[in-house]
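Peer 1: Got a structure for you, questions after.
The values are calculated or read from the model by the stated rules, or taken from the named source; none is laboratory data. These numbers were taken from a predicted model, which means no experiment stands behind them. For neighbour counting, all protein chains shown are included, and Cβ atoms are generated from backbone atoms with ideal geometry for every residue, glycine included.
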Amino acid sequence: VTPEQPFPARIRPGIAALRGSRIREVANAGMGRPGIIPMWFGESDLPTPDFIREAAAEALRRGETFYTPNAGVPALREAIVRYMTRLYGRAIDIDRITVSASGMNAIMIALQALVDAGDNVVLVGPMWPNAADCVRVLGGEARFAILDPGNQGWRLDLDRLESLVDTRTRAIFVNSPGNPTGWMMEAAEQQRLLDFARSRGLWIVADEVYARIVYDRDVAPSFVSLAAPDDPVIVINSFSKAWCMTGWRLGWFTAPAALADTLQKLTEFNIAGPTSFAQWGGVAALDQGEEFIAAQRARLAQSRAIVVERLAKFRRVRFTPPAAAFYAFFAVEGLTDSVAACKRILDETGVGLAPGSAFGDAGEGHIRMCYAISPERVAEALDRLEPVLG
Ligand SMILES: Cc1ncc(COP(=O)(O)O)c(C=O)c1O
């Protein structure tokens, strides 16, 4: 009996070897303590807007408490079609839309559909760790093309990414806008990657859950705009970030119609259909949510401006401002153990941050700060951090 195999009856070794979230490791040390400014998790401090909550409450009152189709309730799929058609200026067929129980659930299902034991997936890193861990849960290998920091923003070397592909590569996983870096892939780069994937018979899994958390446009460049309906592209969206719905666990896939059966089969075996009344909240979010998104974005832009201005003056910090999403991901001079550093900073300042090593080996030496809280609180956090990082 070992820590990895605590029972005589065996757990899959690959699962036993997975490490739990290092963000939670830091947060567990501080959650609930008075006076903490929590900037460790990737969520806003605002609750879901009332009009969305009301729509779900009304669905509950109406008795929307039964199993739904694995593809999602038709009203939500139709709302997704309306929303995406409006946003991307091109018609999206409803057969391409499948509702999921969150972005996370969609990532796992997409990878379950594509990855066998011994296969590999090439991911753009540093990245929020869960997708790579899903690949490992399936017995696959996660390979990383690491972004380069620069004064003009994070940059992806596509030659390097393409050189990681071999005969066991099944998919390229791209999270743009990216967590933790705030990197945003431009349309020309997406087009090149799409051409490469087509020519090599690879899938692109595009995690676009931060599509609306952008500062210089209305929506981030998307594979939805470029991919033909039958291209090997699975785009993943979520209600969590743009509509402050992290606790609802609701998202969706846009994929070739020919993949819908596969996604729905896997939905059956994972969750047997998304939560019924939550989906009615989703309809309201998509149909009536633009004003809320605009207001949220204005608030985030204020917080971002404070972070960018203040961090630039911190002597020990090297920082590439985020083009999108709501994180600052910065290198700290001399930092070799980011988990220990975040715990120390938490003790000394009461500011809760996420350790860079949570985002893969390339993240060590860095710290991530989620600035999706009020500009006043962001300013206060930076005041507190200045003596330790400035
Ligand atoms: C890049 C990325 N993808 C997906 C998710 C999952 O979001 P959810 O499962 O809440 O939809 C997150 C959450 O932080 C994320 O940062």
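Peer 1: Collect the residues in segment 101-128 that are surrounded by fewer than 22 Cβ atoms within 10 Å (Cβ to Cβ) and over 20 Å from residue 254 (Cβ atoms), keeping them in residue-number order.
Peer 2: Correct list: 116, 117, 118, 119, 120.
Peer 1: Here is a follow-up. Please verify whether residue 73 is in contact with a Ser or Thr (Cβ under 8 Å, 6 or more places away or on another chain), crowded, with 20+ Cβ neighbours inside 10 Å and not hydroxyl-bearing (Ser, Thr, Tyr), treating the condition exactly as stated.
Peer 2: yes
Peer 1: Let me ask another. State which residue is farthest from residue 88 (Cα to Cα) when the search covers only segment 224-246 and only residues that are in contact (Cβ under 8 Å) with a residue 60 or more places away in the chain and small (Gly, Ala, Ser).
Peer 2: 240
Peer 1: Give 209, 235 a once-over and let me know the one that is within 16 Å of the ligand (Cβ to nearest atom) and either acidic (Asp, Glu) or not in a loop (DSSP other than H, G, I, E, B) (or both).
Peer 2: Selected residue: 235, the only one of 209, 235 that is within 16 Å of the ligand (Cβ to nearest atom) and either acidic (Asp, Glu) or not in a loop (DSSP other than H, G, I, E, B) (or both).
Peer 1: Select, from 170, 96, the only residue that is under 20 Å from residue 233 (Cα atoms), without any contact (Cβ under 8 Å) to a residue 60 or more places away in the chain, touching a helix residue (DSSP H, G or I) at 6+ places or on another chain (Cβ under 6 Å) and away from the ligand (no atom under 16 Å from the Cβ).
Peer 2: Exactly one residue qualifies, and that residue is 170.
Peer 1: Still on this structure, please answer the following. Within segment 183-191, is even one residue within 30 Å of residue 70 (Cβ to Cβ), away from the ligand (no atom under 16 Å from the Cβ) and out of contact with any helix residue (DSSP H, G or I) (no Cβ under 8 Å at 6 or more places or on another chain)?
Peer 2: no
Peer 1: Ok, one more. Let me spell it out: the conditions are (1) at positive phi; (2) crowded, with 21+ Cβ neighbours inside 10 Å, and residue 213 meets all of them except one. Which number is the exception?
Peer 2: Only one criterion in (1) at positive phi; (2) crowded, with 21+ Cβ neighbours inside 10 Å is unmet by residue 213, namely (1).
Peer 1: Pull up segment 284-313, narrow it to residues that are touching a strand residue (DSSP E or B) at 6+ places or on another chain (Cβ under 7 Å) and in contact (Cβ under 8 Å) with a residue 12 or more places away in the chain, then point me to the one that is nearest to residue 74 (Cα to Cα).
Peer 2: The selected residue is 307.
Peer 1: May I pose another question? For segment 267-289, name all the residues that are hydrophobic (A, V, I, L, M, F, W, C), more than 21 Å from the chain's Cα centre (by Cα) and over 19 Å from residue 66 (Cβ atoms).
Peer 2: Matches in segment 267-289: 269, 284.
Peer 1: Within segment 185-194, can you find the residues that are part of a loop (DSSP other than H, G, I, E, B) and surrounded by fewer than 24 Cβ atoms within 10 Å (Cβ to Cβ)?
Peer 2: 186
Peer 1: Which members of segment 218-232 meet the condition of being among the aliphatic types (A, V, I, L, M), more than 13 Å from the ligand (Cβ to nearest atom) and under 16 Å from the mean Cα position of the chain (by Cα)?
Peer 2: 219, the sole residue that qualifies.
Peer 1: Among the helices (runs of 4 or more DSSP H) lying completely within segment 1-120, list those that include at least 2 residues that are farther than 26 Å from residue 222 by Cα and not β-branched (Val, Ile, Thr).
Peer 2: Ranges flagged: 13-16, 22-28, 50-62.
Peer 1: When segment 141-167 is examined, which residues are found to be part of a helix (DSSP H, G or I) and either touching a residue at least 12 places away in the same chain (Cβ under 8 Å) or in contact with a Ser or Thr (Cβ under 6 Å, 6 or more places away or on another chain) (or both)?
Peer 2: Within segment 141-167, 158, 160, 161, 162 qualify.
Peer 1: Condition (residue is modelled with pLDDT of 95 or more and under 19 Å from residue 236 (Cα atoms)) applied to segment 144-165: is it met by at least one residue?
Peer 2: Checking segment 144-165: not a single residue is modelled with pLDDT of 95 or more and under 19 Å from residue 236 (Cα atoms).
Peer 1: When residues of segment 127-138 are filtered for being away from the ligand (no atom under 11 Å from the Cβ), under 15 Å from residue 206 (Cα atoms) and not in a helix (DSSP H, G or I), how many remain?
Peer 2: Number satisfying all stated conditions: 0.
Peer 1: For segment 249-264, which residues satisfy the criterion of being more than 21 Å from the chain's Cα centre (by Cα) and touching a residue at least 24 places away in the same chain (Cβ under 8 Å)?
Peer 2: Matches in segment 249-264: 256, 257, 258, 259, 260, 262, 264.
Peer 1: Looking at segment 287-296, can you tell me whether even one residue there is in a helix (DSSP H, G or I), touching a Ser or Thr at 6+ places or on another chain (Cβ under 8 Å) and more than 30 Å from residue 113 (Cβ to Cβ)?
Peer 2: Yes, the conditions are met somewhere in segment 287-296.
Peer 1: Which number in (1) within 12 Å of the ligand (Cβ to nearest atom); (2) in contact with a strand residue (DSSP E or B) (Cβ under 8 Å, 6 or more places away or on another chain) marks the one condition that residue 215 misses?
Peer 2: Condition (1) is where residue 215 drops out.
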